[in-house]
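Peer 1: I am attaching a structure below and will ask some questions about it afterwards.
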Amino acid sequence: MTPEETAVLDRLRAVCLALPEVEERESHGEPTWFIRGKRTLAMFSSHHHGKRLGFWCPAPEGVQELRMEQDPDVFYRPPYVGVHGWLGVNLDAGPDWEDVEEIVRDAYLKVAPKTLAARLA
């Protein structure tokens, strides 16, 4: 990974690990963040499947389509999990980190147990 890509990964890592009971481990060859070690919050994508640098995460119903329509250069339907409503987010073009934080938070609220999600309310 280039120093720029490492910086993007470090920033995304900080966003994910700031949420309650999130931990990181490798899955499918990429850094992946899990809630309580079980539920997937986000998967880093370092040019995985020919896509650009970014991440994949679950999204609330309808968000995937809306985001892809709003900005198809940044948002896409990732392979395998996209059919389940996951959102792919490209991070190689100067991402809006406040938006990234919101996307990750929404993913957390979607998949976290209710007791953990309540901590963010």
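The values are calculated or read from the model by the stated rules, or taken from the named source; none is laboratory data. Just so we're clear, the structure is a prediction, and the values are computed from it rather than from any experiment. Heads up, the Cβs are rebuilt from the backbone with ideal geometry, glycines too, and the neighbour counts pull from every protein chain shown.
Peer 1: So, of the residues in segment 88-121 that are small (Gly, Ala, Ser) and farther than 23 Å from residue 2 by Cβ, which turns out to be surrounded by the most Cβ atoms within 10 Å (Cβ to Cβ)?
Peer 2: By that ranking, first place goes to 107.
Peer 1: Which one is modelled with the lowest pLDDT, of the residues in segment 27-46 that are of a type in the set (D, E, K, R) and part of a strand (DSSP E or B)?
Peer 2: 30
Peer 1: Another one. Report those helices (runs of 4 or more DSSP H) wholly inside segment 48-121 carrying at least 2 residues which are among the acidic types (Asp, Glu) and touching a residue at least 24 places away in the same chain (Cβ under 8 Å).
Peer 2: 97-111
Peer 1: Then there is this: With the checklist (1) surrounded by fewer than 16 Cβ atoms within 10 Å (Cβ to Cβ); (2) at positive phi in hand, flag the one item residue 85 doesn't pass.
Peer 2: Here residue 85 clears every test but (1).
Peer 1: May I ask you to verify whether residue 9 is within 18 Å of residue 100 (Cβ to Cβ), assigned to a helix (DSSP H, G or I) and in contact (Cβ under 8 Å) with a residue 24 or more places away in the chain?
Peer 2: Yes.
Peer 1: Given 1, 43, which one is farther than 14 Å from residue 93 by Cα, in contact (Cβ under 8 Å) with a residue 12 or more places away in the chain and either of a type in the set (Asp, Glu) or in contact with a Cys (Cβ under 8 Å, 6 or more places away or on another chain) (or both)?
Peer 2: 43
Peer 1: Filter segment 84-100 for residues that are within 13 Å of residue 15 (Cα to Cα) and hydrophobic (A, V, I, L, M, F, W, C) and give the result.
Peer 2: Answer for segment 84-100, where residues must be within 13 Å of residue 15 (Cα to Cα) and hydrophobic (A, V, I, L, M, F, W, C): 97, 100.
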